[in-house]
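S.K.: First, the structure itself, so that you have it in front of you.
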2 protein chains.
Amino acid sequence: MGEFDLIARYFHRPDGQGPRHAIVPNGDDCAVIAPAPGMQLAVSTDTMVEGRHFLSTVDPARLGHKALAVNLSDLAACGAKPLAFTLALTLPRVDQAWLAGFSGGLLALADEHGCELIGGDTTAGPLAIGITVMGEVPAGQALLRSGARPGDELWVSGWPGEARLALEAFRGTLVPPLDGEAFEAVRLRMERPTPRVALGLALRGLASSAIDVSDGLLGDLGHVLKRSRVGVEIALGALPVSPWLATRPLAEQQDNVLAGGDDYELLFTAPAARHAEVLAAGQAAGVPVHRIGLLQAEVGLRVRDGGWGAEEPTGQPVANRWTSFDHFKMA
Amino acid sequence: MGEFDLIARYFHRPDGQGPRHAIVPNGDDCAVIAPAPGMQLAVSTDTMVEGRHFLSTVDPARLGHKALAVNLSDLAACGAKPLAFTLALTLPRVDQAWLAGFSGGLLALADEHGCELIGGDTTAGPLAIGITVMGEVPAGQALLRSGARPGDELWVSGWPGEARLALEAFRGTLVPPLDGEAFEAVRLRMERPTPRVALGLALRGLASSAIDVSDGLLGDLGHVLKRSRVGVEIALGALPVSPWLATRPLAEQQDNVLAGGDDYELLFTAPAARHAEVLAAGQAAGVPVHRIGLLQAEVGLRVRDGGWGAEEPTGQPVANRWTSFDHFKMA
């Protein structure tokens, strides 16, 4: 099967099927798109390579989903609405069953978010998936890493730490091991993450900064602190611990939540006065949001072992033993 | 060297250096860009893989140049002005001399065309370069493959065929072989192609259709004919033959010009009444343009062995022995 046939069979959408935002669709030298009046374009790109970002045994439909999900997660962290994406697919061979699964998972998530595939190419070579995604955001309203202010509350969505738990289960490092039901549940979180697009949209004009958690919560938080020139105090007792993670030893829980990586949750800040609005935004978006820390003028990252007091984290200072999860270390 | 250090050292542009179009530059979850009022965004993507699209021995500065050039060529074929690009770099190892050469060649061409690097990532793996480029085009003025009409003249820019001559010299298939001076000249055309951006801009509102020649002139012409539902008659005697190509046997000249591939010349159509304007556009853009055929209502691709008569190709019909160059066949 040649490149054109492959694209036509697995990636071309017939007229009337799938989202259509392009003025000139896929198939010319360029696709042509335009943000709506008053909107700007948020652009992000991510490549996934076999053995580095995913295991060779992963279900292709989940891989297709995840390849787009990690990019949609970047749009979510900017408060942008998905519009279109390009796909660069490097394949060791033409495996039709694999392609059917992959494109099925990819396009199902694309349809769910109204994100049109507007271009791409396929090349022979070791399996890799490169996606560049484009989304719309009202002029001047993109959520940035640089907007956190002292006194803001620090929030995280959902249940960070589960993806890392799954990775360690695959690696066989868990003592005690995970039971089968727990493994399948956290495996889904690793292999088929949910980008928090609706939450990102709900946080426009509300969050003061945002980032998506891909390299580990504290590592990614470091980018926000650096850009915003602020510090933070984290309340260990306020961290969200999912039911699956709660069965693990306490140190393992904390390690996974704070430094697990591959989470694709949103980590964001908002003024304390808007606490109730943030909770409402999470509810409207269908994802729980957890207040885990307080931004401070003094730079640096501090951790306390208590919960949330009247207005701030409590307990004793704890040494930061968590370092950033590094994708280069997977294989 | 970690990913962040690598990006900072070789790809980050200090403030005031390099083009700046992004509202939010490289370094957040997304970059934010916006086309100027009345403009739309043309988007294209291309991946180059070692052994498929380039030889492992290629000079890294030339490779950096070419990786962007082939994408700018797609913008040129749409009549779009380069604005920004993302870079996905997969590297087998961190080789600082290689990275310095590669980024130098890449960013020099980017600067020449005012095209800002707004995002990307680096991954460990077999050498591959994925670029997604974005350019501006006035609303409704993108040059498409679908606009060719019977009676239009068919044009090609520059000197197609030289890149293939270089590839065959590398392969050692040429009888007689190329002399050293000729080899260095055509090698530059293969390794460091010039995207015809200025010509693409000059053809806005003038050309009825356009495509860039990457897979071979006749193969790419086939896309235009199919989309435009027209046919064409080519005048073999009107083909441009570069001084280096002119030293080769006649059949080899024709094969390389019509089916060489990797040319990144513009192949375009324009009404015959605008012949003089097309010549002037080529002159203004600093690249010769050659009239090589005539569009006809009867579908199909016909070749005659004469030159251009009073109003059309002359000579006897010739069988089309040229098929499309296929990048999957390189390695």
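S.K.: Tally up the residues in the stretch B:50-72 that are more than 11 Å from chain A (Cβ to nearest Cβ) and surrounded by fewer than 22 Cβ atoms within 10 Å (Cβ to Cβ), please.
M.R.: The qualifying residues number 9.
S.K.: Also: Output the number of residues of the stretch A:1-25 satisfying the condition of being within 10 Å of chain B (Cβ to nearest Cβ) and surrounded by fewer than 20 Cβ atoms within 10 Å (Cβ to Cβ).
M.R.: 4
S.K.: Something else: Those residues that are surrounded by 22 or more Cβ atoms within 10 Å (Cβ to Cβ), more than 11 Å from every other protein chain (Cβ to nearest Cβ), of a type in the set (A, V, I, L, M, F, W, C) and touching a Pro at 6+ places or on another chain (Cβ under 9 Å), I need them from the stretch B:73-108; list them, please.
M.R.: B:Phe102
S.K.: Any residue at all in the stretch A:35-48 that is more than 17 Å from B:Met39 (Cβ to Cβ), over 27 Å from the mean Cα position of the chain (by Cα) and within 7 Å of another protein chain (Cβ to nearest Cβ)?
M.R.: From the stretch A:35-48, those more than 17 Å from B:Met39 (Cβ to Cβ) are A:42, A:44-48; that's our starting set.
Filter once more, so that each one left must be over 27 Å from the mean Cα position of the chain (by Cα): none.
No, the conditions are met nowhere in the stretch A:35-48.
S.K.: Same structure again: Does A:Gly147 meet the test of being closer than 30 Å to A:Arg13 by Cα, open to solvent by 10 Å² or more (accessible area, probe 1.4 Å) and not in a strand (DSSP E or B)? Break it down stepwise before answering.
M.R.: Details: closer than 30 Å to A:Arg13 by Cα: no; open to solvent by 10 Å² or more (accessible area, probe 1.4 Å): yes; not in a strand (DSSP E or B): yes.
It is false that A:Gly147 is closer than 30 Å to A:Arg13 by Cα, open to solvent by 10 Å² or more (accessible area, probe 1.4 Å) and not in a strand (DSSP E or B).
S.K.: Let me ask something else. Which of the residues belonging to the stretch B:257-280 are open to solvent by 10 Å² or more (accessible area, probe 1.4 Å) and either hydrophobic (A, V, I, L, M, F, W, C) or assigned to a helix (DSSP H, G or I) (or both)? Before you say what the answer is, go through the steps one by one.
M.R.: Residues of the stretch B:257-280 open to solvent by 10 Å² or more (accessible area, probe 1.4 Å): B:259, B:262, B:264, B:271-277, B:279-280.
Once the filter is applied, which keeps residues that are open to solvent by 10 Å² or more (accessible area, probe 1.4 Å) and either hydrophobic (A, V, I, L, M, F, W, C) or assigned to a helix (DSSP H, G or I) (or both), the stretch B:257-280 yields B:Ala259, B:Ala272, B:Ala273, B:Arg274, B:His275, B:Ala276, B:Glu277, B:Leu279, B:Ala280.
S.K.: Could you grab me the full set of residues in the stretch B:109-144 that are open to solvent by 20 Å² or more (accessible area, probe 1.4 Å), touching a residue at least 24 places away in the same chain (Cβ under 8 Å) and among the acidic types (Asp, Glu)?
M.R.: B:Asp111, B:Glu136
S.K.: A further question on this structure: Looking at B:Arg52, B:Arg93, B:Arg62, B:Arg13, can you tell me which residue is part of a helix (DSSP H, G or I) and among the charged types (D, E, K, R)? Break it down into steps so the answer makes sense when it comes.
M.R.: On the way: B:Arg52 fails: part of a helix (DSSP H, G or I); B:Arg93 fails: part of a helix (DSSP H, G or I); B:Arg13 fails: part of a helix (DSSP H, G or I).
Going through B:Arg52, B:Arg93, B:Arg62, B:Arg13 in turn, just one is part of a helix (DSSP H, G or I) and among the charged types (D, E, K, R): B:Arg62.
S.K.: Quick one: is B:Trp155 more than 30 Å from B:Pro313 (Cβ to Cβ) and of a type in the set (Phe, Trp, Tyr)?
M.R.: Spelling it out, it is not the case that B:Trp155 is more than 30 Å from B:Pro313 (Cβ to Cβ) and of a type in the set (Phe, Trp, Tyr).
S.K.: I want to confirm something. Restricting to the stretch A:26-49 and keeping residues that are part of a loop (DSSP other than H, G, I, E, B) and under 24 Å from A:Asp5 (Cα atoms), which single residue is most open to solvent (accessible area, probe 1.4 Å)?
M.R.: Per the criteria, the residue is A:Gly27.
S.K.: Next up: Suppose we filter the stretch A:178-231 for residues that are part of a loop (DSSP other than H, G, I, E, B), more than 15 Å from the chain's Cα centre (by Cα) and modelled with pLDDT of 95 or more; how many remain? Reasoning before the result, please.
M.R.: To start, the set of residues in the stretch A:178-231 that are part of a loop (DSSP other than H, G, I, E, B) comprises A:178-179, A:192-196, A:203-208, A:214-216, A:229-230.
This time we only want the ones that are more than 15 Å from the chain's Cα centre (by Cα), so: A:178-179, A:203-208, A:229-230.
Subsequent filtering for residues that are modelled with pLDDT of 95 or more retains A:203-208, A:229-230.
Selection size over the stretch A:178-231: 8.
The values are calculated or read from the model by the stated rules, or taken from the named source; none is laboratory data. Here the structure is a predicted model, which means the values were calculated and not measured. Using ideal geometry, Cβ is built from the backbone for each residue, glycine included, and neighbour counts are taken over all protein chains shown. The protein model used for the area step is the full one, side chains on, heavy atoms only, and it has no ligands, DNA or RNA in it. Shrake-Rupley method; radii C 1.70, N 1.55, O 1.52, S 1.80 Å.
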